[in-house]
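Structure, as structure tokens:
The values are calculated or read from the model by the stated rules, or taken from the named source; none is laboratory data. Since this is a predicted model, take the numbers as computed values, not measurements. As a convention, Cβ positions derive from the backbone with ideal geometry for all residues, glycine included, and neighbour counts pool all protein chains shown.
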Amino acid sequence: MLDISPMLLGITLIVFLVLIAVLNSMLYKPLFAFMEKRDADIKNDLNHVGSNDAEIDTLNAEAEQIVNEAKLEAAALREKVISDAKDVAQSKLDVKRAELASEYSAFEAALEKEREAVKSSLLSQVPLFKEAVKAKYSQI
């Protein structure tokens, strides 16, 4: 029935052991080395991600500082422009006030001359008014 051949059994055992040795050296060791290298790379990448977070925080802080400085510069520039505009407007206003004051004083002088002319005209016509009033009283 079943014959067990020791020689065939020995050769099969030797072929099996050689196959295990060859597979170990050509397949299992490189596979394990690759898996260990991959695990090391993953750990290294995780460590770099942690350091990148710190770097990102640093860069965000620098960006925030730059934005704050730009806002301060813009506010200072805005204040300077506003003060310059106020100075220009104030100088124009002062010039206009002086011009209006001189026109007003000229108007007052002309008004005073007119008043004197009307007064002298009325004073010159007072005798005529007196005569007209006497004539009206005499008619009553």
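Ala54: surrounded by fewer than 10 Cβ atoms within 10 Å (Cβ to Cβ), in a helix (DSSP H, G or I), without any contact (Cβ under 8 Å) to a residue 60 or more places away in the chain and not acidic (Asp, Glu), yes or no? Yes, satisfied. Among the candidates Lys96, Lys119, the residue that is in a helix (DSSP H, G or I) and at pLDDT 95 or above is uniquely Lys96.
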